[in-house]
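The values are calculated or read from the model by the stated rules, or taken from the named source; none is laboratory data. Here the structure is a predicted model, which means the values were calculated and not measured. Quick reminder, even Gly has a Cβ in these numbers, built from the backbone with ideal geometry, and neighbours come from all protein chains shown. With ligands, DNA and RNA removed, areas are computed over all heavy atoms of the protein, side chains included. Shrake-Rupley method; radii C 1.70, N 1.55, O 1.52, S 1.80 Å.
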There are 2 protein chains.
Amino acid sequence: MGGENPGRRRPQAVKALVFEKGRARVREVYPPRLRRGFARVRVLLSGICNTDLELLRGYHSFSGIPGHEFVGYVEGPADSAWTGKRVVGEINLGCGKCALCRGGLSRHCPRRRVLGILGHPGAHAELLTLPESNLREVPENVSDEQAVFTEPLAAACEILDQVAVSGETRAAVLGAGKLGTLCAAVLRNAGADVAVVKRGSRARERSFDLVVEATGSPAGMPRALALVQPRGTIVLKSTHHAPARFDAAPLVVNEVTVVGSRCGRFEPALEHLRRRTIDVRPLLSGQFPLARAGRALAEAARPGVRKVLVRPGP
Amino acid sequence: MGGENPGRRRPQAVKALVFEKGRARVREVYPPRLRRGFARVRVLLSGICNTDLELLRGYHSFSGIPGHEFVGYVEGPADSAWTGKRVVGEINLGCGKCALCRGGLSRHCPRRRVLGILGHPGAHAELLTLPESNLREVPENVSDEQAVFTEPLAAACEILDQVAVSGETRAAVLGAGKLGTLCAAVLRNAGADVAVVKRGSRARERSFDLVVEATGSPAGMPRALALVQPRGTIVLKSTHHAPARFDAAPLVVNEVTVVGSRCGRFEPALEHLRRRTIDVRPLLSGQFPLARAGRALAEAARPGVRKVLVRPGP
């Protein structure tokens with residue numbers, strides 16, 4: 001074998017953002033050994049997601065390297081067809097054996113690990129590893145800054161895999177943050193009439209076929225229940241550490257459907273970026289070198305700030 | 001005009017169960033004047049629903065005559081084609097003009113009144129009135145005791161109008177009360193493999209395509225979320241006065257769909273009773289004369305007691 005011998009050579013230490021006991025710091029770590037079927041990716045840019053901020057606050061009792069939005073170059077193994085390609089990567093690592101994995105739903109595998117969230121070191125680092133089957137090549141005309149939006153844009157596109165949306169759909173998106181803005185763009189592109197409802201803004205109650213709850217706050221659900229019409233649908237996008245608390249009677253009485261919605265397929269998102277049908281650039285708020293990732297997190301947590309990127313390279 | 005002149009003659013006082021300020025008593029009341037298009041029904045039997053008990057506890061700030069499950073004889077007006085027929089009745093009185101009413105969804109009309117629940121005197125009385133369009137004739141081979149189950153059985157059948165159920169469906173029904181038992185019977189009849197999960201009983205987590213939450217308790221929702229498999233469906237049947245409180249993150253992460261489910265069409269329920277495909281008789285716990293309706297309520301509230309009927313007639 002002319003290629004690398006996975007699992008033998010101790011990889012070099014690299015810089016990474018590490019969460020430990022509620023604190024964030026940048027330090028040297030050893031990336032995981034390269035198992036068979038995995039690729040090593042040198043990260044060009046990573047994006048800070050609200051989930052990263054939640055993880056720092058204690059969600060999932062997380063410790064380790066966060067980050068699940070990235071674009072990078074495949075560096076190895078040398079004998080891989082992926083090496084040298086610019087890629088983004090799906091974040092769920094299924095077991096590959098269970099019924100869900102075999103049915104193409106490895107993102108729901110009960111034994112899955114999740115890049116930068118659950119059991120697999122994340123993207124706010126110089127290097128990461130992912131199974132080659134998780135990688136997607138970035139089209140040439142998509143910049144690094146756009147490509148790093150693939151994962152959140154895929155999460156927005158997931159709505160269209162779950163709910164029928166057409167030119168007849170009157171939709172409200174609660175939350176004017178990053179995810180809400182992407183959801184609104186995806187729904188508009190699918191033909192829906194979309195109102196973005198910010199905190200404190202007025203909207204007619206019981207008047208929307210579809211309400212997307214992307215506030216990131218437990219207050220979003222009662223608001224969504226007030227806005228949706230009888231027999232309408234609420235897509236629940238927010239995950240937050242605090243439990244939901246609301247009067248469920250209107251949900252039953254008005255026969256509302258609530259659809260939990262998380263990650264999506266990368267293909268529709270990359271297609272939007274390639275064809276420029278959704279412009280993610282207005283969502284960019286700033287960029288920090290990895291050495292200043294703590295500062296980047298603080299910036300991302302400020303109200304009104306949208307996507308903050310971390311650049312591990314020079 | 002040979003018939004009655006609706007709205008002129010003051011109707012005779014009749015006996016009814018009345019809820020006032022959290023207390024239940026039987027007293028004489030005047031039934032509402034008979035408006036055009038309405039029929040007057042002499043109640044043969046009425047059924048006590050958990051909703052009646054919730055109304056007594058303060059749900060909807062209700063005061064008036066409760067009761068929405070009944071079978072009776074149409075007594076007038078004399079010129080109605082319905083007079084003399086044995087009937088059950090759909091409980092929602094829509095405005096008849098809005099888009100929902102025109103689309104056949106008057107049970108979701110925002111201006112609807114609801115028999116014995118909202119703005120229209122209920123069935124725990126000697127007489128009630130309903131629009132003729134709400135009435136359904138009871139097949140001859142269905143007894144009064146069976147017919148009074150039409151409304152709750154229709155609510156159970158509603159699940160099949162909302163969710164695809166087949167011989168492949170692995171379903172769990174939470175709650176072994178009246179509604180839970182009817183839901184389990186309807187799902188079995190549709191071919192599903194059904195486990196009835198009582199409080200404290202064990203069931204494998206994340207293993208059901210479909211979970212019907214019919215516990216009548218805020219504790220039902222977290223349990224349902226634990227039992228449903230990723231991308232599965234929870235049908236929420238419980239309405240209760242206490243707000244729901246649960247960790248919504250699994251709902252989002254596992255992309256679960258929650259479907260609120262309330263009243264259903266009467267036709268499938270009457271068809272089950274006529275063809276004897278569902279036997280409701282094991283659900284009967286007792287029968288009380290209207291004069292002892294307070295005792296009937298207390299009996300219905302006892303743990304393990306199922307359907308308690310009230311007989312207004314002699």
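Below is a table of values for the structure above.
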quantity	calculated
Point-to-point label distance, A:GLU75-A:GLN12, nm (Cα→Cβ direction, 7 Å offset)	0.7
Shape box of region B:242-314 [Cα atoms, principal axes, largest first, Å]	57, 34, 19
Efficiency of FRET between B:GLU267 and A:ARG102 - r from beta-carbon atoms, R0 30 angstrom, step 0.05	0.15
Long-range amide H partners of A:ALA195 with built H, under 5 Å	A:ALA171, A:ALA172, A:VAL173
Interface B:A - total buried accessible surface [probe 1.4 Å, Å², rounded to 100]	3000
Net dipole in debye of the protein assembly as shown [+1 Lys, Arg Cβ; -1 Asp, Glu Cβ; about Cα centre; nearest 20]	1380
Threshold 50 Å², region A:98-145 residues less accessible with all protein chains present than alone (1.4 Å probe)	A:HIS108
Other-chain or far-sequence residues with amide H under 5 Å of A:ARG40's (modelled H)	A:GLU75, A:GLY76
Environment charge at A:GLU126 (Cβ cut-off 13 Å; Lys +1, Arg +1, Asp -1, Glu -1)	+3
Local electrostatic count at A:VAL310 - Lys and Arg +1, Asp and Glu -1, tallied over other residues with Cβ under 13 Å	-1
Over chain B, volume per residue of the alpha carbon convex hull, in Å³	137
Neighbouring partner chain Cβ atoms per residue of B:258-267, average, 10 Å criterion	5
Computed [θ] at 222 nm, helices only, for chain A once each DSSP H run of length n ≥ 4 contributes -39500 (n - 2.57)	-6500 deg cm²/dmol
Computed Rg/Rh of region A:126-182, alpha carbon atoms with Kirkwood Rh	1.06
Radius 11 Å from Cβ of A:GLU145, net charge of other residues (Lys, Arg +1; Asp, Glu -1)	+2
At 7 Å out from Cα toward Cβ: B:ARG202 inter-copy label distances (nm, ascending)	5.8
Nearest-ten-degree value, helix B:178-189 long axis tilted from longest Cα axis of chain B	70
Region B:154-260, accessible area per residue, ligands and nucleic acids excluded (1.4 Å, Å²)	38
For the protein assembly as shown, the Rg and Dmax computed from alpha carbons only, in angstrom	29.3, 103
Occluded residues from region B:215-247, i.e. those whose accessible area drops by 10 Å² or more once the chain is not alone (1.4 Å probe)	B:PRO230, B:ARG231, B:LEU236, B:SER238, B:THR239, B:HIS240, B:PRO243, B:ALA244, B:ARG245, B:PHE246, B:ASP247
Electrostatic dipole magnitude of chain A [Cβ: Lys, Arg +1; Asp, Glu -1; Cα centre; debye, to 20]	840
DSSP-defined antiparallel bridges as percent of all bridges, the protein assembly as shown, nearest 5	60
Percent carbon-and-sulfur accessible area, chain B, ignoring ligands, DNA and RNA, probe 1.4 Å	48
Region A:94-113-region B:211-259 distance, computed between alpha-carbon centres (Å)	23
Spin-label model distance (nm) - B:ARG245 vs A:ARG111, 7 Å beyond Cα toward Cβ	3.7
GNM top mover of B:GLU140, B:GLU28, B:GLU267 - chain B, alpha-carbon springs below 10 Å	B:GLU140
Under 14 Å from the B:ARG188 label point (7 Å along Cα→beta-carbon), backbone N, region B:263-307	B:277-283
A:TYR30-B:ARG204 pseudo-label distance in nm [points 7 Å out on the Cα-to-Cβ vector]	3.9
Isotropically averaged projected area of region A:154-260, using the convex hull of Cα atoms (one quarter of hull area), nm²	6.0
